[in-house]
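Quick notes on the structure that follows.
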Amino acid sequence: MTGPFLLLHADDNVLVARATAAEGTMVALDGVAVRLTAAIPMAHKISRRAIAAGETIRKYGMPIGIATTDIAPGAHVHVHNIRSGYTPSVILQDADGRAG
(Lines give C-alpha, C1' and ligand atoms only; values in the text may rest on other atoms or scores of the structure.)
Protein backbone atom coordinates (compact mmCIF):
# COMPACT_ATOMS: atom_id res chain seq x y z
CA MET A 1 0.00 0.00 0.00
CA THR A 2 1.21 3.49 -0.88
CA GLY A 3 -0.80 6.09 1.06
CA PRO A 4 -4.34 6.10 -0.31
CA PHE A 5 -3.32 3.77 -3.18
CA LEU A 6 -3.14 -0.01 -3.50
CA LEU A 7 -0.85 -2.15 -5.60
CA LEU A 8 -3.08 -5.03 -6.68
CA HIS A 9 -0.39 -7.20 -8.32
CA ALA A 10 3.42 -7.04 -8.43
CA ASP A 11 3.35 -6.79 -12.26
CA ASP A 12 1.01 -3.76 -12.30
CA ASN A 13 2.25 -0.41 -13.56
CA VAL A 14 -0.69 1.39 -11.92
CA LEU A 15 -1.93 1.85 -8.38
CA VAL A 16 -5.64 2.08 -7.47
CA ALA A 17 -7.12 4.74 -5.16
CA ARG A 18 -8.75 3.32 -1.98
CA ALA A 19 -10.39 6.70 -1.46
CA THR A 20 -10.40 10.02 -3.26
CA ALA A 21 -6.90 11.51 -3.07
CA ALA A 22 -6.70 15.29 -3.06
CA GLU A 23 -4.54 17.29 -5.44
CA GLY A 24 -1.17 17.83 -3.74
CA THR A 25 -1.21 14.49 -1.91
CA MET A 26 2.32 13.08 -1.63
CA VAL A 27 2.70 9.46 -2.77
CA ALA A 28 5.83 7.31 -2.44
CA LEU A 29 6.56 5.57 -5.74
CA ASP A 30 9.56 3.24 -5.61
CA GLY A 31 11.07 5.34 -2.82
CA VAL A 32 10.53 8.68 -4.59
CA ALA A 33 7.91 11.11 -3.30
CA VAL A 34 5.56 12.37 -6.02
CA ARG A 35 2.97 15.13 -5.52
CA LEU A 36 -0.38 14.50 -7.25
CA THR A 37 -1.14 17.27 -9.74
CA ALA A 38 -4.89 16.52 -9.73
CA ALA A 39 -7.45 14.94 -7.42
CA ILE A 40 -7.79 11.21 -8.08
CA PRO A 41 -11.29 9.76 -7.52
CA MET A 42 -11.75 6.55 -5.53
CA ALA A 43 -11.11 3.42 -7.65
CA HIS A 44 -9.24 5.41 -10.32
CA LYS A 45 -5.62 4.66 -11.20
CA ILE A 46 -2.31 6.49 -11.11
CA SER A 47 0.90 5.51 -12.83
CA ARG A 48 3.28 3.57 -10.59
CA ARG A 49 6.22 4.62 -12.78
CA ALA A 50 6.79 6.33 -16.12
CA ILE A 51 4.74 4.62 -18.82
CA ALA A 52 5.65 5.18 -22.48
CA ALA A 53 3.08 5.77 -25.21
CA GLY A 54 2.18 2.39 -26.70
CA GLU A 55 3.02 0.48 -23.51
CA THR A 56 0.49 -1.97 -22.05
CA ILE A 57 -1.30 -0.83 -18.89
CA ARG A 58 -1.49 -3.65 -16.32
CA LYS A 59 -3.95 -3.97 -13.43
CA TYR A 60 -4.46 -7.22 -11.47
CA GLY A 61 -1.38 -8.38 -13.41
CA MET A 62 -3.46 -8.36 -16.60
CA PRO A 63 -3.47 -6.00 -19.59
CA ILE A 64 -6.34 -3.49 -19.42
CA GLY A 65 -5.33 -1.07 -22.17
CA ILE A 66 -2.56 0.71 -24.02
CA ALA A 67 -1.11 4.12 -23.19
CA THR A 68 -1.95 6.70 -25.88
CA THR A 69 0.66 9.15 -24.60
CA ASP A 70 3.62 9.15 -22.22
CA ILE A 71 2.35 9.02 -18.62
CA ALA A 72 4.44 10.45 -15.80
CA PRO A 73 4.79 8.71 -12.41
CA GLY A 74 1.79 9.58 -10.23
CA ALA A 75 -0.34 10.82 -13.14
CA HIS A 76 -4.02 9.92 -13.44
CA VAL A 77 -4.44 6.91 -15.75
CA HIS A 78 -7.89 6.91 -17.31
CA VAL A 79 -9.74 7.17 -20.63
CA HIS A 80 -7.91 10.40 -21.56
CA ASN A 81 -4.55 8.59 -21.86
CA ILE A 82 -5.32 4.91 -22.49
CA ARG A 83 -7.25 3.00 -25.12
CA SER A 84 -8.60 -0.50 -25.24
CA GLY A 85 -6.26 -3.21 -26.43
CA TYR A 86 -9.17 -5.59 -26.94
CA THR A 87 -9.04 -7.65 -30.09
CA PRO A 88 -11.79 -10.19 -30.53
CA SER A 89 -10.62 -13.78 -30.55
CA VAL A 90 -14.04 -15.36 -31.01
CA ILE A 91 -17.05 -14.73 -33.21
CA LEU A 92 -20.08 -13.76 -31.16
CA GLN A 93 -23.30 -15.54 -32.07
CA ASP A 94 -26.90 -14.90 -31.15
CA ALA A 95 -29.17 -17.59 -29.66
CA ASP A 96 -29.88 -18.98 -33.16
CA GLY A 97 -26.18 -19.38 -33.94
CA ARG A 98 -26.01 -16.40 -36.31
CA ALA A 99 -22.87 -14.25 -36.18
CA GLY A 100 -23.54 -10.80 -34.76
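The values are calculated or read from the model by the stated rules, or taken from the named source; none is laboratory data. Owing to the predicted nature of the structure, the values given are computational and were not obtained by experimental measurement. Cβ atoms come from the backbone with ideal geometry, glycine included; neighbour counts cover every protein chain shown. Ligands, DNA and RNA are stripped out before the accessible areas are found, and what is left, the full protein with its side chains, is counted by its heavy atoms. Shrake-Rupley method; radii C 1.70, N 1.55, O 1.52, S 1.80 Å.
Listed conditions (1) at positive phi; (2) open to solvent by less than 30 Å² (accessible area, probe 1.4 Å) are all met by Ser47, apart from (1). Return yes when Asp70 is open to solvent by 70 Å² or more (accessible area, probe 1.4 Å), farther than 18 Å from Val16 by Cα and either of a type in the set (Lys, Arg) or at pLDDT 95 or above (or both) and no when it is not. Criteria met by Asp70. Is it the case that Ile64 is out of contact with any Leu (no Cβ under 7 Å at 6 or more places or on another chain), hydrophobic (A, V, I, L, M, F, W, C), open to solvent by 60 Å² or more (accessible area, probe 1.4 Å) and over 20 Å from Gly3 (Cα atoms)? Against the criterion (out of contact with any Leu (no Cβ under 7 Å at 6 or more places or on another chain), hydrophobic (A, V, I, L, M, F, W, C), open to solvent by 60 Å² or more (accessible area, probe 1.4 Å) and over 20 Å from Gly3 (Cα atoms)), Ile64 qualifies.
The strands (runs of 3 or more DSSP E) found entirely in region 1-75 that carry 3 or more residues being of a type outside the set (S, T, N, Q) are 14-17, 26-29, 32-35, 56-59, 62-67. Please go through region 9-28 and pick out each residue that is open to solvent by 70 Å² or more (accessible area, probe 1.4 Å) and touching a strand residue (DSSP E or B) at 6+ places or on another chain (Cβ under 9 Å). Result: His9, Asp11, Arg18, Thr20, Glu23, Met26.
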